[in-house]
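First the structure, in the form of structure tokens, and then the observations on it.
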Amino acid sequence: MRTIEHSFGSETFASELIAAPGSPSPTVILFPTIAGISKLEIGFAERLAEAGYNGLCADLYGEQFRGCDRKTGGEQMKRLQADRSGLRERLLAVVEAARGLPESDGRIAAIGFCFGGQCALDLARSGANVAGVASFHGLFDPPRLPQAPIGAKVIAFHGWDDPMVPPDKVVALGRELSEADCDWQIHAFGGTVHGFTNRDADKLGSPAVRYSDVATRRSWRMLADFLTELFDR
């Protein structure tokens, strides 16, 4: 693992790269939860590296916020969500940083968790030149920006009982992606709520956020198939 320093405007970021053996290889960007880069994203990036992909855990808040508490993370998330156009440009800057890494063969995908899932979807919505994106228990609200044709393939893994993303928003996302002529999939897991990939989710003490081993294993297997399809491996 090595730290990748990059910038956007006047801000400096410290993302974490876990490189696959025998790189250059395809690179999968991981957009974090509200908490920023944590052991959740690092652990998934390590699994991606074992499967032959570089995993780049993207710092979206700025290096001064690394390791911040949940309250501060929430404030930063709201700051970025308040300007979805600016967020889009920030995500595109991460893509270019990832593409320029010596470990990268130029092929890019992105996955995201919770707020990071919204970021992954926004990246696809931008029309970015990436092979595909995956959202894990992400937020589906559209950015209300001009819609570019979506060339990236999209897959979303969703807890059907997630109170933050009720069924009407799931249907709305499907319609939105269809109207953008996108190759898309949405997989909903019954009896599953928000944050289902996070083993520490239950510590938050909220019934709206719970870890699910079954949903995590199922979604990860489907992600593996998705990445194989994207990169013809």
Considering only residues that are in contact with a Phe, Trp or Tyr (Cβ under 8 Å, 6 or more places away or on another chain) and assigned to a loop (DSSP other than H, G, I, E, B), look in segment 127-149 and name the one that is farthest from GLU89 (Cα to Cα). HIS137
Can you find a residue in segment 69-77 that is in contact with a Pro (Cβ under 7 Å, 6 or more places away or on another chain), surrounded by 18 or more Cβ atoms within 10 Å (Cβ to Cβ) and on the phi < 0 side of the Ramachandran plot? no
Open to solvent by less than 20 Å² (accessible area, probe 1.4 Å) and modelled with pLDDT under 95: does that describe ALA215? no
Restricting to segment 150-173, name every residue that is among the β-branched types (Val, Ile, Thr) and either assigned to a helix (DSSP H, G or I) or closer than 12 Å to GLY190 by Cα (or both). VAL170, VAL171
Yes or no: GLU11 closer than 18 Å to ALA134 by Cβ and open to solvent by 10 Å² or more (accessible area, probe 1.4 Å)? no
In segment 36-56, is there at least one residue being within 14 Å of the chain's Cα centre (by Cα), open to solvent by 30 Å² or more (accessible area, probe 1.4 Å) and at pLDDT below 95? yes
Please find, within segment 89-102, the residue that is surrounded by the fewest Cβ atoms within 10 Å (Cβ to Cβ) out of those that are out of contact with any strand residue (DSSP E or B) (no Cβ under 7 Å at 6 or more places or on another chain), over 13 Å from VAL130 (Cβ atoms) and in contact (Cβ under 8 Å) with a residue 40 or more places away in the chain. PRO102
Can you give me the number of residues within segment 175-233 that are more than 22 Å from LYS39 (Cβ to Cβ), touching a residue at least 12 places away in the same chain (Cβ under 8 Å) and in a helix (DSSP H, G or I)? 8
Filtered residue count, segment 178-212, keeping only those that are open to solvent by less than 40 Å² (accessible area, probe 1.4 Å) and of a type in the set (D, E, K, R): 0
How about segment 148-168: which of its residues are surrounded by fewer than 17 Cβ atoms within 10 Å (Cβ to Cβ) and touching a residue at least 24 places away in the same chain (Cβ under 8 Å)? ALA148, PRO149, GLY151, TRP160, PRO163
Tabulated pairs, segment 40-63, first on the phi > 0 side of the Ramachandran plot, second of a type outside the set (Phe, Trp, Tyr) and part of a loop (DSSP other than H, G, I, E, B), C-beta under 9 angstrom, 6+ apart or interchain: GLY52/ALA20; GLY52/PRO21; GLY52/GLY22; GLY52/ARG233
Is it the case that SER126 is open to solvent by less than 60 Å² (accessible area, probe 1.4 Å), among the polar types (S, T, N, Q), in contact with a helix residue (DSSP H, G or I) (Cβ under 6 Å, 6 or more places away or on another chain) and under 23 Å from TRP160 (Cα atoms)? no
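The values are calculated or read from the model by the stated rules, or taken from the named source; none is laboratory data. Computed from a predicted structure; not experimentally measured. Note that each Cβ is placed from the backbone with ideal geometry, even for glycine, and that neighbours are counted across all protein chains shown. For accessibility, only protein heavy atoms count, side chains too; no ligands or nucleic acids. Shrake-Rupley method; radii C 1.70, N 1.55, O 1.52, S 1.80 Å.
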